[in-house]
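Only one structure is covered here, and it is reproduced in the block below.
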Amino acid sequence: MDPASQRSDTREPLSVTLRTLCEASDDDALTVGEIVLLFGRRAFGALMFIFAIPNTLPLPPGSSSILGLPLVLLAPQVALGFRRPWLPRFVYNRQVKSSDLQKLISPLIPRLEAIEKISRPRLSWLFGPIGDRIIGVVCTLLAIVLIFPIPLGNLAPALCIGALSLGLFQRDGIIALVGYAVFGVSVGLLVVTAGAVSMAVQKIITMLGF
C-alpha cells in the first residue's frame, strides 16, 4: 500500500479509511507514520478513536494499559493546540501487522458506519481553538485513568474518549455532547470507586488494630 496515494481526504468517513487498513493483505505491515498519513488532517480524532474504543470490547487483561499509552501521548497535543500529531521516531517507524489491525478494527466498523449515517458537522461552537483544547484536556485526564487496570472501570472513560474523538473527527457537536455526558458519568463512577476503596482500606486498618 502506498500511503501517499491513499491519504485520507478531509471529508472521507473514518470507516472508509479503516476499511482500507483492514483490506490490506495479512502479510502486509504498515508503519505508524503511514497510518497517521492515511488519516490526513484529521489524524488526532481518528487515532484517539482507534486506541480508545477497543477498550469497550472484551480484551485480555492489561490491554487497556497498552492502548492507553498512545492516548496519553496524543491527547495532550490536542490540549496544547498541535496541528498534527507528533510521535517519537521509534514510534513513528514502528511496524504494525495488517492482521493485528484487522483484529482490532474490524469489529468497530459496522457500528461506526451506523453512526456516520446520521452524523454531520453541527454545533460548530463546540470546536475551534478553545473547544478542541477542552476535548484534549478531558481526553488527557481519562487517558491517564485508562492506563491503570481498573476492573470494569475503563468502560466509561473509553466511551468518553471514543465519543469526543469521533466528534472531533466528524466535527459533530451532538457526538461531542454525548462524550461530555459520559465524562460526567465517568467522574461520578471514579468518585464512588475511590470512596469505596478508601472505606475498605480504613476498615481493614481498623480490623488490624492500627
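The values are calculated or read from the model by the stated rules, or taken from the named source; none is laboratory data. This is a predicted model, so every value here is computed, not measured. Glycine also receives a Cβ, built like all others from the backbone with ideal geometry; neighbour counts cover every protein chain displayed.
I'd like the full set of residues that are surrounded by fewer than 16 Cβ atoms within 10 Å (Cβ to Cβ) and either of a type in the set (D, E, K, R) or within 23 Å of residue 16 (Cβ to Cβ) (or both), limited to the range 82-94. Hits for the range 82-94 are 83, 84, 89, 94. Could you check, for the range 135-148, whether at least one of its residues is of a type in the set (S, T, N, Q), surrounded by fewer than 12 Cβ atoms within 10 Å (Cβ to Cβ) and at pLDDT 85 or above? No: the range 135-148 contains no residue that is of a type in the set (S, T, N, Q), surrounded by fewer than 12 Cβ atoms within 10 Å (Cβ to Cβ) and at pLDDT 85 or above. So for the range 109-121 (the condition being at pLDDT below 85 and over 19 Å from residue 167 (Cβ atoms)), does at least one residue qualify? Among the residues of the range 109-121, not one is at pLDDT below 85 and over 19 Å from residue 167 (Cβ atoms), which makes the answer no. The number of residues in the range 70-111 that are assigned to a helix (DSSP H, G or I), under 23 Å from residue 29 (Cα atoms) and more than 13 Å from the chain's Cα centre (by Cα) comes to 13.
Could you check the range 183-210 and list, in sequence order, the residues that are surrounded by fewer than 10 Cβ atoms within 10 Å (Cβ to Cβ), of a type outside the set (A, V, I, L, M) and modelled with pLDDT under 70? Working first, answer last.
Keep residues of the range 183-210 that are surrounded by fewer than 10 Cβ atoms within 10 Å (Cβ to Cβ), which gives 206-210.
Filter once more, so that each one left must be of a type outside the set (A, V, I, L, M): 206, 209-210.
Hits for the range 183-210 are 209, 210.
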